[in-house]
Amino acid sequence: MISISKWFFATGAFCGLCGMIWGIQMSASHDHTLSPAHGHLNLIGFVAMSIFGGYYALAPQAAQTRLALVHYGLTVAAVALLTPGIVLAITDQGETLAKIGSVLAVGSMALFGFMILRNGVGVEAAGRSGGAELTALPGE
């Protein structure tokens, strides 16, 4: 079984790398017209995916659900449609792709909230899966 946390982190790193390269290209060309698309690639592609990966690493029982795979797919689809959709919207070639990507991004964040409420985080999550409860931090 794949580690959903690993896939979120790896995809996030890829998006971050692409965003950095794109930012360097914009800086070198002195053309920042597409910076909103670059920003969304970094924010959803790198930041949100990294946070999602961190959550699933802290809540392994949530990571083992089919819903976690749906969450990953939904987030990847959001980035894959929203980023070029913003480019198309900025260049007056239509806003449909950006709208679809935006709805998918909202769905991804809503699903993230649901996963947190359903599965908990850290110690709370460990207690639900039968793990040992932490009563004090190490060294206390």
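The values are calculated or read from the model by the stated rules, or taken from the named source; none is laboratory data. None of the values given here were measured: they were computed from a predicted structure. Using ideal geometry, Cβ is built from the backbone for each residue, glycine included, and neighbour counts are taken over all protein chains shown.
Kindly indicate whether any position in region 77-84 is touching a Cys at 6+ places or on another chain (Cβ under 8 Å) and in a helix (DSSP H, G or I). Looking through region 77-84, at least one residue is touching a Cys at 6+ places or on another chain (Cβ under 8 Å) and in a helix (DSSP H, G or I). Of the set (1) surrounded by fewer than 18 Cβ atoms within 10 Å (Cβ to Cβ); (2) in a helix (DSSP H, G or I); (3) at pLDDT 95 or above; (4) not charged (D, E, K, R), all apply to Gln61 but (3). Exactly one residue out of Phe8, Phe14 is farther than 16 Å from Ala105 by Cα, part of a helix (DSSP H, G or I) and either out of contact with any Leu (no Cβ under 8 Å at 6 or more places or on another chain) or not β-branched (Val, Ile, Thr) (or both): that is Phe14. In region 99-116, the residues that are charged (D, E, K, R) form Cβ pairs under 9 Å with partners that are part of a helix (DSSP H, G or I) and modelled with pLDDT of 95 or more, at six or more places apart or across chains, as follows: Lys99/Gly85; Lys99/Ala89.
When you go through Gly39, Gly54 one by one, which is the residue that is surrounded by fewer than 18 Cβ atoms within 10 Å (Cβ to Cβ), under 18 Å from Ser5 (Cα atoms) and without any contact (Cβ under 8 Å) to a residue 60 or more places away in the chain?
Matching residue, one of Gly39, Gly54: Gly54.
All of (1) farther than 27 Å from Gln93 by Cα; (2) surrounded by fewer than 22 Cβ atoms within 10 Å (Cβ to Cβ) hold for Met49 with one exception: (2).
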